[in-house]
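First the structure, in the form of structure tokens, and then the observations on it.
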Amino acid sequence: MDDSVAEAAFHQLRGAGALLVSGSRSAGETSFLRVESLPNDRALKRGGTNVTLVPPNDWLGKKTLVASPVSVQISAGSGGKPQGSLSFTLAPGESVVLYASDAKPNDFTIRPAAGEEKFFNWWGM
């Protein structure tokens, strides 16, 4: 996410490989990311879904990440993966929550981010 975005919240955005991604950012700091693997035939046959993601800029190089409950590897840029990327495997139906160890969220609830009124009602809804 771009550093200029101070407030953001999203819940279950669909990602490649039958993944749902949720997260929260407040005051320019990413609180947490949650990645869930949806049950699907392809993942069942392979024994899980391999996930590689680049963490938010505010996590790069300055924080230790905590992942619960699966093990997460931080790539040094080998094997075609970008430097600093995170890699892990999720079994179908399994999820992982990532957050900085020095800033554990009090809760992992997704709440609407405060908006700017000038951006409201763009589509007449």
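Here is a yes/no grid of residues against (1) acidic (D, E); (2) farther than 14 Å from A100 by Cα; (3) modelled with pLDDT under 70:
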| residue | (1), (2), (3) |
| --- | --- |
| F10 | no, yes, no |
| G23 | no, no, no |
| G47 | no, yes, yes |
| T52 | no, yes, no |
| S68 | no, no, no |
| I74 | no, no, yes |
| G77 | no, yes, yes |
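Inspect all residues belonging to the range 83-97 and state whether any of them is assigned to a strand (DSSP E or B) and at pLDDT below 70. Yes, that holds for at least one residue. When restricted to residues that are out of contact with any Lys or Arg (no Cβ under 9 Å at 6 or more places or on another chain) and among the charged types (D, E, K, R), the range 4-21 contains 1. Scanning the range 91-104 for residues that are under 21 Å from V66 (Cβ atoms) and either without any contact (Cβ under 8 Å) to a residue 60 or more places away in the chain or more than 14 Å from the chain's Cα centre (by Cα) (or both) yields A91, E94, S101, D102, A103, K104. How many residues are buried (at least 18 other Cβ atoms within 10 Å of the Cβ) and either among the polar types (S, T, N, Q) or in contact with a His (Cβ under 8 Å, 6 or more places away or on another chain) (or both) when one looks only at the range 17-38? Within the range 17-38, residues that are buried (at least 18 other Cβ atoms within 10 Å of the Cβ) and either among the polar types (S, T, N, Q) or in contact with a His (Cβ under 8 Å, 6 or more places away or on another chain) (or both) number 5.
The values are calculated or read from the model by the stated rules, or taken from the named source; none is laboratory data. Predicted, not measured: the structure shown is a model, and the values here were computed from it. Glycine gets a Cβ as well: all are built from the backbone with ideal geometry, and neighbour counts include every protein chain shown.
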